[in-house]
Structure formats: C-alpha cells, structure tokens
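The structure under discussion appears below in the form of structure tokens.
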Amino acid sequence: MKNFFLAISSGIVLAIAWPTYGFPLLLFFGFVPLLIATRNYIRTGIKRPALKIFGSTYVSFFIFNIITTWWLYNSTGFGMWFAVLANALLMTSVWLLYVRISKRFNTNLSLLFLVTLWMLFEYLHLNWDFSWPWLNLGNAFAITTGWIQWYEYTGTFGGTLWVWMVNVLIFKAIIFYNENNNLKILIKNLLLPLVVIVLPIAISQILYHTYTEVNNPIEVVLLQPNIDPYTEKYNTTNDRIGDLLFEEANASLTSNTEFLIAPETVLAEGAGVDLRNFEYSAEKDKAQQFLIKYPDLNYMAGIQFYRLYTNENDLLPTSNFVGNDRLGNPLWADFFNSAFLLNRTEKSQIYHKSKLVVGVENFPYQSILKPILGDVMIDLGGTVSMKTIQKNRTAFTGINGTKVAPVICYESVYGDYVTGYVKEGAQFLAIMTNDAWWGNTQGHKQHLNYARLRAIENRRSIARSANTGISALINQKGEIEKELGYGLKGTLKGTINSSDTFTFYTQYGDYIPKLAFIPAGIILLLSFIRRKK
C-alpha cells in the first residue's frame, strides 16, 4: 500500500502544479514518488509486480488527467472520459516501456530512456490523428513566463526536458541516500537539481530584462460578442450577427485602427456559407459596405464554409454524405472551419483550420475505425461533421502590407505548427477562438495562457478574439497587457508591435524530440538482445 500511495501522490502533485490554479515548481518532483514506487515494486520481489506497476501507474496518471481536464465534460460528455482514460493509458504505456528497460540496463540508461521516450510521446501527441498535447509538460509554465523566456530557443520541449532533468536528479539523490543513509550526502546531491532549477530561471530573467520590442505599432480592435453556442449562435442569422458585430465595432474604431478581429465561426448560420459563392454572398457584401467608412481597415472573422458535390469522383477523404438533392441524386459536402480577411481591395483572403479537435472536427483513422464505430462524432451544438483542412499555413496581408497569422482556436496549442505562419511572413498572431463550450472553468483559462507560449517562441505579439472571452492582447514576452473577461460582451482596443525577426525556435521548430529519438531508439533496440538483470 505504501507504493500505491506513493504513485497516487505523484498524480496529485502533477495535477496541482498545472495552470492556472497551480504552482509549476511542484512539477520538479512530481514524478519522484512514482519513480520510487516503481523501483520498489521491481526490487522487493512481490508477487505480480507488472500488474501492480500497471495499476498504480494508471491510477496516478488518471488522477493527473481528470483533475486537469475534467472540464471537457461540459462540451463532450462521454468524450471527456475517453480522453482522460485513453491519455492515462498512453502515459502508462510509456512507463511500462521504461520498466522493461530498467530490468535490462543500469539506472542512468533506464532514466535516459524514460526522459527521451516521454518527449517522443509528447511529440506523437502533436502529430498523430488522436492528437491531444494539452498536458505536454512544457505547457505547465504558461503562467510563469518570466521563467521560460528561453523558449524562443527550445519551445515547450525545453520545459519538458527541464522538468524531467530535475525529477531524475532528485530521484537519484534519494536512491543514493537510501543506500548510504547519509544525510549530508543527500543534501549535497540535492544541490545539483536546485542549480538546474535556478539557472534556467536566471537566464530567463536576463532575457526578459534585456529583450526590447521594436516600436512598430498596430492598432487593433477585438470583438467579443458573447453569443451562447448552445442556444444562440447556430440559430441566429449571419445578417443579424453582422449587425451586432459592426454595431459594437463602430463604438471603438478610429481612423488609425488597422485590424478588426472577430472570433472563430462567428458566422455559422445553418450549415454555413457556400465557399464557391462567398465572393457574391450577403455576408461579404455586408462587410464591404461597412468597410467603406474605414478605408484603411482590415476585417478578419471566423466563418463556417461548405462545398457541395454530386460527382463521387470529386470526393475527398473528409467529404460527408448529406442526403440527396432535389433530383434524388446523392449529395456530399465538405465543411470548413475557416477565417477570412476583407478590406477595400475587395479581394478575399481565406484560410481553413487544419489542426482539428479529435471527435468533433476530425474522425481519427476513419478507414479503420468507421466500419467499427460508425459515424461517432461529438456534438458541440453545431454542425457535427468531418472538417476539411488545407496543407500549408497562410498569412493574410493587410491593406498597408502588414501580415497576420489567422490562428483558429485549437491550433494555438501547437508550437511548431504556429511557426509555419511566421515563416509565411506573419508579423503578429491573431487567435480567433470560441471557448464557450467548456463554461467558466479552467479550460478557457488554460487555453488563453497557452497562447502566451507562442508569443515567446516566435517573439510575436498576439491579438486574441474569443467569443465569450477571454479576449486579450499579449506582447512578445508573453505578458497579457489587456484583456476582456469571460462572459462579457464588448470590444478590446489596443496597440501591439509587429515583428519581422525569426527566433531560433521559429527556424528549427521541435528539434529536441527529434534528437531524443536517437538514444531512445538505440536503447530500445538493444533491450531486445540484452538479458534481464
């Protein structure tokens, strides 16, 4: 029972370290109790150690997942349980691989394998169809941006490596103490992890106090309409939504305002707007009429598009069968969660969201799972369907040449993905989101703070328009300069600086987990030919 309670304590410590309610310093020893429990299970000769390790580890990671992401239940119901149970199982699988290795190699090699394998697990969560990188360890420092200004060189994987280095050093210090029972040596061995904690923070503080934004101001106005997606959004006409948006905007816009930004899928009446006919749509015409009064204004907004097909040869893997047309022929549709930019040039710029929410906008591995599960999609109150994506990132170009990244909702959680916008020339990031699905919980607060990581990684200011909040202006150090609180209706007006420079992380992205593949792969291969100790 002692080992079981040690494992449980790991889950609790990791959970209460998480933003935005927790203190991330706890992460630096969060895994230590579980490491000790696992070592005890292996070395004490108890019956069925593998089963006990699995059970204890799974409970530990279940606690971590359920406390930090329970709010998913507000939008997905059963989907929350699937996400929590499945992610805890994946984390446990990583741990069981480490246990296998620890029976064949010494402590140092085993721990090296665990650290590198965990980073590969997080990298997998950024890139496969069941993507769920919400709990990647580097995200935990989102509210302590003064500690992580060096993310411009490492991205969030630098934070993951930092957490694991300290946990490993503390664990080894405890092992050495248990073997020698010498308190002085324990204190001496704990000095190194203390240095590993303090030194990066000191470096970050130097970067923080020496970094200066180039004065290249852009005035923006963010719209926060506070429309309930369950009862209002999809039952209100786009014409009425347009009137509400422009009425709010008129109260805040000036002749100096360059960008007016509205949230994700703010125009989503019915099935959406026909993509092929958007140039001649009532939605675009209303916007262009409004822009006549503001010749230097760029208007960005989220919209739901659809595109219809009657020819089966034109179908994409993401196409949805929607019934028959008036002549009885089968009809398919592609649906898009998109953003557009309009200005007095009358040329539409469009981007389609390409990092999709699993089970809501994306059916993972549908060629394998659809025959088994059928059309299982999670209803978030709107059109429940596979969404179609675009391959490359797009940077919108404003009337005066300023380039902006149209980052849609969940995409802001993906560090390397966001660098794609910057490489396309984006001088600031515009995040358009709708966080109302989760209610007034930690969900929208975590989502907001994760955006601060993208600001540091790319040294790009952020203008974040959220349907129900929190809308915010974030500077290039990841500091929130202005915000409009959750559940409030209105506008947020302010000035941010644009930038053209590339950080090291912008250029090289997630290079740390790619390097981690080398030692992890070598150790794993050798484990198949090495006998158990």
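The values are calculated or read from the model by the stated rules, or taken from the named source; none is laboratory data. What you see is a predicted model, and the numbers here were worked out from it, not measured in a lab. All Cβ positions, glycine included, derive from the backbone under ideal geometry; neighbour counts span all protein chains shown.
Counting the residues of the range 314-330 that are of a type outside the set (A, V, I, L, M) and more than 35 Å from the chain's Cα centre (by Cα) gives 6.
Is it true that some residue in the range 163-171 is surrounded by fewer than 16 Cβ atoms within 10 Å (Cβ to Cβ) and outside the structural domain of Arg460 (by TED's automatic domain parsing)? There is no residue in the range 163-171 that is surrounded by fewer than 16 Cβ atoms within 10 Å (Cβ to Cβ) and outside the structural domain of Arg460 (by TED's automatic domain parsing). The residues of the range 140-164 that are assigned to a loop (DSSP other than H, G, I, E, B) and among the aromatic types (Phe, Trp, Tyr) amount to a single one, Trp150. Of the residues making up the range 408-428, none is in contact with a Phe, Trp or Tyr (Cβ under 7 Å, 6 or more places away or on another chain), modelled with pLDDT of 75 or more and in a strand (DSSP E or B). Exactly one residue out of Thr57, Thr20, Thr38 is at pLDDT 95 or above and either of a type outside the set (Phe, Trp, Tyr) or buried (at least 16 other Cβ atoms within 10 Å of the Cβ) (or both): that is Thr57. The combined condition, being in contact with a Leu (Cβ under 6 Å, 6 or more places away or on another chain) and outside the structural domain of Ala436 (by TED's automatic domain parsing), is not fulfilled by Ala50. Within the range 444-470, residues that are of a type in the set (Phe, Trp, Tyr) have Cβ atoms under 7 Å from residues that are part of a loop (DSSP other than H, G, I, E, B) and at pLDDT 95 or above in these pairs: Tyr450/Ala142, counting only partners at least 6 apart in sequence or on another chain.
Of the residues Phe141, Phe130, the single one that is more than 17 Å from Ser10 (Cα to Cα), outside the structural domain of Ser412 (by TED's automatic domain parsing) and modelled with pLDDT under 95 is Phe130. Within the range 340-357, residues that are assigned to a loop (DSSP other than H, G, I, E, B) reach partners that are hydrophobic (A, V, I, L, M, F, W, C) and buried (at least 20 other Cβ atoms within 10 Å of the Cβ) with beta carbons closer than 6 Å, at six or more positions or on different chains, in the pairs Arg344/Leu291; Ser348/Phe340; Lys353/Ile408. Mind checking whether some residue in the range 2-14 is of a type in the set (A, V, I, L, M), closer than 22 Å to Val166 by Cβ, assigned to a loop (DSSP other than H, G, I, E, B) and modelled with pLDDT of 95 or more? Scanning the range 2-14, I find no residue that is of a type in the set (A, V, I, L, M), closer than 22 Å to Val166 by Cβ, assigned to a loop (DSSP other than H, G, I, E, B) and modelled with pLDDT of 95 or more, so the answer is no.
Out of curiosity, is Phe105 assigned by TED's automatic domain parsing to the domain that holds Ile175, assigned to a helix (DSSP H, G or I) and touching a residue at least 24 places away in the same chain (Cβ under 8 Å)? So Phe105 does not fit the description; no. Kindly indicate whether Tyr123 is in a helix (DSSP H, G or I), in contact with a Leu (Cβ under 7 Å, 6 or more places away or on another chain) and at pLDDT 95 or above. Spelling it out, it is not the case that Tyr123 is in a helix (DSSP H, G or I), in contact with a Leu (Cβ under 7 Å, 6 or more places away or on another chain) and at pLDDT 95 or above.
Would you be able to tell me the number of residues in the range 211-242 that are outside any loop (DSSP other than H, G, I, E, B), more than 27 Å from the chain's Cα centre (by Cα), touching a residue at least 24 places away in the same chain (Cβ under 8 Å) and farther than 30 Å from Phe502 by Cβ? Summing the residues that are outside any loop (DSSP other than H, G, I, E, B), more than 27 Å from the chain's Cα centre (by Cα), touching a residue at least 24 places away in the same chain (Cβ under 8 Å) and farther than 30 Å from Phe502 by Cβ in the range 211-242 gives 4.
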